[in-house]
1. Looking at (1) acidic (D, E); (2) under 31 Å from the mean Cα position of the chain (by Cα); (3) part of a loop (DSSP other than H, G, I, E, B), which one does D103 not meet, given that it meets all the others?
2. Of these, K171, K147, K186, K208, which one is out of contact with any His (no Cβ under 8 Å at 6 or more places or on another chain) and modelled with pLDDT under 95?
3. Testing A87 on (1) touching a Lys or Arg at 6+ places or on another chain (Cβ under 9 Å); (2) within 28 Å of Q70 (Cβ to Cβ); (3) surrounded by 13 or more Cβ atoms within 10 Å (Cβ to Cβ), one condition comes back false. Which one is that?
4. Within region 135-142, can one find any residue that is closer than 19 Å to Q72 by Cα, in contact with a Lys or Arg (Cβ under 8 Å, 6 or more places away or on another chain) and part of a strand (DSSP E or B)?
5. Can you name the condition, by its number, that A111 falls short on among (1) crowded, with 17+ Cβ neighbours inside 10 Å; (2) touching a residue at least 24 places away in the same chain (Cβ under 8 Å); (3) not polar (S, T, N, Q)?
6. Looking at (1) in a loop (DSSP other than H, G, I, E, B); (2) surrounded by 14 or more Cβ atoms within 10 Å (Cβ to Cβ), find the lone condition where G164 falls short.
7. So for region 120-131 (the condition being among the aromatic types (F, W, Y) and not in a loop (DSSP other than H, G, I, E, B)), does at least one residue qualify?
8. Specify which of the listed residues (S141, S149, S169, S126) is closer than 18 Å to I98 by Cα and in the same structural domain as D97 (by TED's automatic domain parsing).
Amino acid sequence: MHRRAIVGFVFVLSLVFASPAGHAQTEKPAALDLIYTSVDLKYSSEDLSGGAQTLQGKNQGTDGSTSALQSQIVDLVAKGVDVKETATEVKINLLGDILFDFDKADIRAVAEPTLAQIAKMIASYSKASVLIEGYTDAKGSESYNAKLSDRRAVSVKNWFAKHGIAANSIKTHGWGAAKPVAPNTKPDGSDDPEGRQKNRRVEITIKK
């Protein structure tokens, strides 16, 4: 009888370990794995959130620079300066009579605040290149006008170079009376002072 009792006890123990409850206990580690995976996903989401905030901060900085540039353009236009902006460049048209005295190539003092504002625009682009082109009206000889327009363009370049713009980033060209933007004479052949004034100009192109 004692031998049968022992065998019966062993049988009962085998049933216990083979029961569904026993299987449930072995599944707990899998449940813990799921919890750890969820925690890892949570941390990854926080990292992504931080990255998004960083990108947002960069965008705000870019927007701020763009806003400042647009404000400078608006100020120049308010002063009567012709400014045209595209995706690749900013073109600024300055009347020669504002920049120079008659038949001279020296920068007038009254023009310096406007040039200083343009210098800030140039400096706002880290890799900007600048082209300065001088033009005259049709009065005078072709060779004289070509030289005068070239000297005026160089004069503007030298002013920028003295005020923080790298000289090697600026190119100049004098066109003389070529490429007029208005007639130098009226249809009847008489002089057109207003047209000639528009042709006496300096164009500054900032390549972004």
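The values are calculated or read from the model by the stated rules, or taken from the named source; none is laboratory data. No experiment lies behind these values; they were computed from the predicted model shown. FYI the Cβ positions are ideal-geometry reconstructions off the backbone, even for glycines, and counts take in every protein chain you see.
1. Of everything listed in (1) acidic (D, E); (2) under 31 Å from the mean Cα position of the chain (by Cα); (3) part of a loop (DSSP other than H, G, I, E, B), D103 misses just condition (2).
2. That would be K208, the only listed residue that is out of contact with any His (no Cβ under 8 Å at 6 or more places or on another chain) and modelled with pLDDT under 95.
3. For A87, the exception is condition (3).
4. Looking for residues that are closer than 19 Å to Q72 by Cα, in contact with a Lys or Arg (Cβ under 8 Å, 6 or more places away or on another chain) and part of a strand (DSSP E or B), one finds none in region 135-142, hence no.
5. That leaves (2) as the condition not met.
6. Every condition holds for G164 apart from (2).
7. No, that holds for no residue.
8. S149
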